[in-house]
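These notes concern the structure reproduced below.
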Amino acid sequence: MRRRRFSGMALVGGMAVILLVVAPAALTPPSALGSDLAGCSELIVNGGFEQGGAGWQQQPSPPLPAGVTLIDPFYPHTPNFGAYLAGRNGANDRLSQQLILPANANSMTLDLWWALFTEETAGAFDHLKVALYEPSTSALIATLLAVDNSSATDWAWNLASFDLTPYAGRTVILRFTATNDTAGSPTTFFADDVSILACTASPTPTPTSTASMTASPSATATSTVTATRTPTPTSTAVLGTTATATVTATRTPTPTATAVPDATATATVTATRMPTSTSTPTATQTARPGRRSVYLPLVIRGPG
């Protein structure tokens, strides 16, 4: 078991296993890992270490026991395997991969996750470095990440990102180096989900060109509306004049025809009212006995 590397810490190692089950579940790997976006490609082989040591050169020092490697399931970021570096006194472990950085890349980003567990209580004695090297001479090109046992909280995964565009067109070695002193308080460094996404496409100009072409039809549509409105007011004005003349001609004979019948109607009404007033007494006398015979029984029934 890899937990043997925690010399004299059997109980601490047992507690750590409990933490490992819970902590990684809340973490998310880099979105670039394993993706194949339009114009982009993943340069790292087996960046999640799920295929064991495939694609990586392992150089543990001092040598590890038989069957133990720098790729281990003890504390991965996601989901099953990760790199397990140092963790023992005097360690000097190297994990490397040679890469060709494309010359036509517009953007190139390295993402990686790292964590640590240390027995050191003070001072910075154990170190992890991520750097680029020249393959033929092993000369250092650039140091990307340099942390030590005091750089982070135990068991906390940290994301680090680096722009590799300045190194486009070069063949490089990406190397993780973890070292411990010999004082007896070792630090273990973990790494996982290593990704270099190189993109050569530049989709930004395409939407800009499309927007310019759309503006031309808009101008044509405006011209069409203006031409349609011009004849409309002209035809409306002619019709309005004709309608006004027709109404005026109709109103002229109307008052004349109405005046004659009104005078005749007045005379007729006057003649009709004269005999009505003469026969009124007779009608009144006839109606009164009828009303008494109708309402008298109702009055008598009311109190009964």
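The values are calculated or read from the model by the stated rules, or taken from the named source; none is laboratory data. Everything numeric here is computed off the predicted structure, so don't read it as measured data. Here Cβ is always computed from backbone atoms with ideal geometry, including for glycine, and neighbour counts include all displayed protein chains.
Condition test on S61, is it modelled with pLDDT of 90 or more, more than 14 Å from D192 (Cα to Cα) and exposed (fewer than 13 other Cβ atoms within 10 Å of the Cβ)?
Answer is yes for this residue.
Evaluate the following for L116: is it in contact (Cβ under 8 Å) with a residue 12 or more places away in the chain and either closer than 22 Å to A160 by Cβ or of a type outside the set (V, I, T) (or both)?
Yes: the conditions hold for L116.
Every residue in the stretch 175-194 that is closer than 20 Å to I141 by Cβ and surrounded by 23 or more Cβ atoms within 10 Å (Cβ to Cβ), please.
F176, A178, A191, V194
Anything in the stretch 54-96 that is out of contact with any strand residue (DSSP E or B) (no Cβ under 7 Å at 6 or more places or on another chain) and more than 18 Å from L116 (Cβ to Cβ)? List them, or say none.
Here is the first cut: in the stretch 54-96, the residues out of contact with any strand residue (DSSP E or B) (no Cβ under 7 Å at 6 or more places or on another chain) are 54, 62-68, 73, 79-80, 88-90.
Hits for the stretch 54-96 are A54, P62, P63, L64, P65, A66, G67, V68, P79, N80.
Would you please name the residue that is farthest from Y133 (Cα to Cα), looking only at residues in the stretch 90-108 that are touching a helix residue (DSSP H, G or I) at 6+ places or on another chain (Cβ under 8 Å) and surrounded by fewer than 18 Cβ atoms within 10 Å (Cβ to Cβ)?
For the stretch 90-108, the residue satisfying everything is N106.
Does any residue of the stretch 43-60 turn out to be assigned by TED's automatic domain parsing to the domain that holds L132, in contact (Cβ under 8 Å) with a residue 40 or more places away in the chain and among the acidic types (D, E)? Show your work before the answer.
First pass over the stretch 43-60, keeping only residues assigned by TED's automatic domain parsing to the domain that holds L132: 43-60.
From what's left, in contact (Cβ under 8 Å) with a residue 40 or more places away in the chain: 43-45, 47-49, 55-57.
With among the acidic types (D, E) added as a condition, the list becomes none.
Checking the stretch 43-60: not a single residue is assigned by TED's automatic domain parsing to the domain that holds L132, in contact (Cβ under 8 Å) with a residue 40 or more places away in the chain and among the acidic types (D, E).
Would a scan of the stretch 86-99 turn up a residue that is touching a residue at least 12 places away in the same chain (Cβ under 8 Å), of a type in the set (K, R) and out of contact with any Leu (no Cβ under 7 Å at 6 or more places or on another chain)?
yes
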